[in-house]
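The structure appears right after this line, and notes come after that.
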Amino acid sequence: MTPQDKTKVWVVIAAYNEAKVISETVANLLSFVDNVVVVDDCSGDETSQNALNAGAHVLRHPINLGQGAALQTGIQYALSKCCEYVVTFDADGQHSAKEILPMLTALQQSNSDIALGSRFLGGALNLPWQRRWVLKAAIIFTRITGGIKLTDVHNGFRIMTRRFCEGFQFQQNRMAHASEILNYIARCNINYIEFPVTIVYTEYSIQKGQRSSNALRVVMEWRFQDPSATRLS
């Protein structure tokens, strides 16, 4: 990534009570990009201070709104800073920062508007078997009901162009935002690519993650969204 490219890329992290890991996550990212914004969704710990000390821009919600709302806050902030690309990245350190540049390069070469990370094209280390089966079921459900063929449907690692971010806005404040963005891609015929990424599941990330029993419910909410909800006028 050239110095000029690095100034155009902003990484957005939604964080809630991630004080134990946020410093390391931010530090790893800043080895590859210049700009990281952490949106602290009203944590009860030192998430904000630790992220700030690590070199991130920090925004804080006065009340807990959910991951979708936190990502939207961060994206709007990045757009105000004249970004050209927004990377969404999980706070718990399960993604690999070194994969940002290859994904960005693939996105640019494809002339698409969004690159979606896929752990099933890449690697899912220590993925619990229960979660693997739930994720596979969610993929099948999405293909049948959404008309979009993906190998992974609930991955928080993605890169979006400025054009995509200006045309899309999260309306689902909480975890259903992951299905919402796929709904928008399918409905509006957005050009997208999938890119192989690695997710390393640790005891911490498994404990912090949503229950497997909730994953299919989140994806199924796809079917009941207002078709106009994620399209800006």
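The values are calculated or read from the model by the stated rules, or taken from the named source; none is laboratory data. It should be emphasised that the depicted structure is a prediction, and the values quoted were computed from it without experimental measurement. Cβ sites come from the backbone with ideal geometry, for glycine too, and all protein chains shown count toward neighbours.
Residues of region 71-130 that are surrounded by 15 or more Cβ atoms within 10 Å (Cβ to Cβ) and among the hydroxyl-bearing types (Ser, Thr, Tyr): 73, 77, 85, 88, 96, 112, 118. Within region 167-188, the set of residues being charged (D, E, K, R), at pLDDT 85 or above and closer than 10 Å to residue 68 by Cα comprises 180 only. Kindly check whether there is at least one residue in region 58-66 that is farther than 22 Å from residue 180 by Cα and touching a residue at least 40 places away in the same chain (Cβ under 8 Å). No - not one qualifying residue is present in region 58-66.
The set of residues in region 4-41 being part of a helix (DSSP H, G or I), in contact (Cβ under 8 Å) with a residue 12 or more places away in the chain, of a type outside the set (D, E, K, R) and surrounded by fewer than 22 Cβ atoms within 10 Å (Cβ to Cβ) consists of 7, 23, 27, 28.
Say we look at region 115-163 and pick out the residues that are under 14 Å from the mean Cα position of the chain (by Cα) and not in a strand (DSSP E or B); which of these is modelled with the highest pLDDT? Let's see the steps before the verdict.
Of the residues in region 115-163, the ones under 14 Å from the mean Cα position of the chain (by Cα) are 115-119, 152-161.
After this cut, where a residue has to be not in a strand (DSSP E or B) as well, the list is 152-157.
Details: 152: 92, 153: 85, 154: 83, 155: 92, 156: 92, 157: 97.
Across region 115-163, the extreme among qualifying residues is 157.
Please count how many residues of region 50-107 are in a loop (DSSP other than H, G, I, E, B), of a type in the set (Gly, Ala, Ser) and in contact with a helix residue (DSSP H, G or I) (Cβ under 7 Å, 6 or more places away or on another chain). Break it down into steps so the answer makes sense when it comes.
Going residue by residue through region 50-107, those that are in a loop (DSSP other than H, G, I, E, B) are 55-56, 61-66, 81-84, 89-96.
Those left that are additionally of a type in the set (Gly, Ala, Ser): 55-56, 66, 91, 93, 96.
Remaining after also requiring in contact with a helix residue (DSSP H, G or I) (Cβ under 7 Å, 6 or more places away or on another chain): 55-56, 91, 93.
Summing the residues that are in a loop (DSSP other than H, G, I, E, B), of a type in the set (Gly, Ala, Ser) and in contact with a helix residue (DSSP H, G or I) (Cβ under 7 Å, 6 or more places away or on another chain) in region 50-107 gives 4.
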